[in-house]
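Nothing in this text is a laboratory measurement; each read-out follows from the coordinates by a stated rule. Computed from a predicted structure; not experimentally measured. Here the Cβ is made from the backbone with ideal geometry for all residues, glycine too, and neighbour counts use every protein chain on show.
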Amino acid sequence: MIFVYFLLLFISLLICLFVLLLFLAQVVSIFTTDAPFVPIPKGIEDGIIESLRLGDNSVLYDLGCGDGRVLKKAIEKYPNIKAVGVEIAFIPYLLARFKTRKYKNIEIKREDIFQTDIRNVTHVFVYLYPHIMEKLMPILEKKCKKGTRIVSCDFEDKNLKPTEIIELDSLAKRGKRLIVYTV
C-alpha cells in the first residue's frame, strides 16, 4: 500500500514539474520574442480568411501563428491550400501543433519569423505589433514573390501605404480592422 502512495506522490511531483517547466518556458518566450501570445479575438477569423482572398493553389503563412486558429479556419474553408504556421514561443507552438494535428495540409514550424523561408508563399497573415511589422515588412517585400497578399490585423507599417483597409464589425477592443498590403 505504501508503494502506491509513493508512486502517486512521484507522479504528482512529475506533473507539477512539467507544469512549472511549461510556465517558465512561456515566461522566457515573452522576454525573448518581441511579442507576447495574444490570440486574435474570436469571431473575426471569417473576416480574415475573406480578406486573404485564398484560392485552391494558395500557400498561406501565418507568421506568429499563436494557437493556429487562423490556419485551421483557412483549411476548413479552403481544404486544397497549404497552410504554414510559424511560431517561436514554446507554449503557443505546442498549442498550434495540438489544435491542428488532424489537418494534413497544415504545418507548424518553431522558427523565428525573420528567418523562415517564405519564397513560395502567396498569402501572409500577421497579428504583430507595429515595431515588429516595420522590421518584418522589408523582409517580406524582398523575399516574397510579386503579388503576395499580406493581411495584418490591427497594426500597420507606418512606412508603407496599404493596398486596402477593411473595417470589421467587431465589438471587441482588438480585431477592429485588417490592413492589406500587396508585394
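Figures for the structure shown
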item	result
Under 10 Å, Cβ to Cβ, from E156 - net charge with Lys/Arg +1 and Asp/Glu -1	0
Neighbour-count ranking [beta-carbon atoms within 10 angstrom, fewest first] of Y93, Y61	Y93, Y61
Distance from segment 37-65 to segment 75-89 (C-alpha centre basis), Å	8
Computed [θ] at 222 nm, deg cm²/dmol, the chain (DSSP H ≥ 4; -39,500 (n - 2.57); rounded to nearest 500)	-13000 deg cm²/dmol
For the chain: span of alpha carbons on each principal axis (Å, largest first)	69, 36, 34
Helix 2-32 vs. the chain, principal-axis angle (Cα, 0 to 90°, nearest 10)	30
Packing-based order for 94-107, 64-77, using average beta carbon neighbours within 10 Å, highest first	64-77, 94-107
Bridge type composition, the chain - antiparallel percent by DSSP, nearest 5	35
M1 versus D117: modelled label distance in nm, points set 7 Å from Cα along the beta carbon direction	6.2
Cβ-Cβ FRET estimate between E167 and L13, R0 fixed at 41 Å, reported to 0.05	0.20
Cβ-based net charge around C144, under 13 Å, with every Lys or Arg adding one and every Asp or Glu removing one	+4
In nm, spacing of pseudo-spin labels at Y129 and K143 (7 Å Cα→C-beta vector)	2.1
Residues with amide H under 5 Å from that of V38, placed H, sequence gap 5 or more	none
Cβ-Cβ FRET estimate between N105 and T182, R0 fixed at 35 Å, reported to 0.05	0.90
Ranked list, fewest to most other Cβ atoms within 10 Å of each Cβ, for S51, S152, S12, S58	S12, S58, S51, S152
Among 117-123, 137-143, the order from most to least packed when residues are scored by Cβ within 10 Å on average	117-123, 137-143
